[in-house]
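None of the figures in this text is laboratory data; all of them are computed from the coordinates on show. Values in this document were obtained by computation on a predicted structure and should not be read as measured data. Neighbour counts are summed over all protein chains in view; Cβ atoms, including those assigned to glycine, are modelled from backbone coordinates with ideal geometry.
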Amino acid sequence: MRHSHADAEVEAYLRKAERDLATAVRMSEAGLDFADVVCFHAQQCAEKSLKAVILAHGQIPPRTHDLIVLQRVVQESHGIAAESQLLERFCVGLTDYGVAPRYPGWEDLVGNVDLAEVVKAAKAVLDRALAWLNLTESA
């Protein structure tokens, strides 16, 4: 971790997000046998990243795994403009991984998984959150 946020709760969320990303990266190297683990931790990275931004703005994040809901809260409630439709696509792509991979048959629900793209999406959301918080990018 190369950053530090003054608010301990925000920093705790960011640390967890970075650990989720590290888990997703390491497990992606093991291949598709671990796609469920990669997908779940990638979604968790993005979720905790967005919740850190919400916390940093003095609000309690909604209790949801839906990244689109969280992204909209960040954008609308905190005056942070969407930089691109790409970030929204990343959130849409990761949202289903918050619950589905925890259960048998999840592959039937989400379809084919490109592990590199899943990890890329999680890192992009974390990096965007760090930028919104004026912190450095993740490793």
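Overview of results
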{"read-out": "Calculated FRET efficiency for the pair D108/A22, C-beta based, R₀ 30 Å, to 0.05", "value": "0.60"}
{"read-out": "Peptides ranked, highest mean first, by Cβ atoms within 10 Å: ranges 9-22, 64-77", "value": "9-22, 64-77"}
{"read-out": "Sorted by Cβ density within 10 Å, fewest first, the residues L135, L109, L94", "value": "L109, L135, L94"}
{"read-out": "Per-selection Rg to Rh, the chain - Cα, Kirkwood hydrodynamic radius", "value": "0.96"}
{"read-out": "Contact order normalised by residue count of the chain, Cα under 8 Å, 6+ apart, percent", "value": "33 percent"}
{"read-out": "Square roots of five times the Cα gyration tensor eigenvalues for the range 45-125, Å", "value": "24, 14, 10"}
{"read-out": "Folded to 0 to 90 degrees: helix 35-56 orientation relative to the chain principal axis, Cα", "value": "10 degrees"}
{"read-out": "Listed residues R63, R102, R89, most fluctuating in the chain (Gaussian network, C-alpha, under 10 Å)", "value": "R63"}
